[in-house]
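What follows draws every value from the coordinates through simple rules; no lab data is involved. Computed from a predicted model, the values in this text were never measured in an experiment. When we count neighbours, we look across all protein chains shown, and the Cβ atoms used for this are built from the backbone with ideal geometry, even at glycine.
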């Protein structure tokens, strides 16, 4: 049985009008990860922006490693 799509993994406010959202979803029947800014529409509902990062779930581990390295370098730069 397939999982419901999309699955929101995480989201947090980017600023007063936008939210950053990480989702697992599908495109043309293939699983993908989608990192996108969502904005509040005139009706008050969140709407996805056109730009973002969407890639195959096969890239998730490398993406996570790259983000962990970026965090490590940021922490080192703060010292």
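Among the residues of the stretch 10-25, count how many are exposed (fewer than 14 other Cβ atoms within 10 Å of the Cβ), over 8 Å from the mean Cα position of the chain (by Cα) and either part of a strand (DSSP E or B) or touching a residue at least 40 places away in the same chain (Cβ under 8 Å) (or both).
2
Could you tell me whether residue 51 is exposed (fewer than 15 other Cβ atoms within 10 Å of the Cβ) and under 23 Å from residue 4 (Cβ atoms)?
Taking the combined requirement at face value, the residue does not satisfy it.
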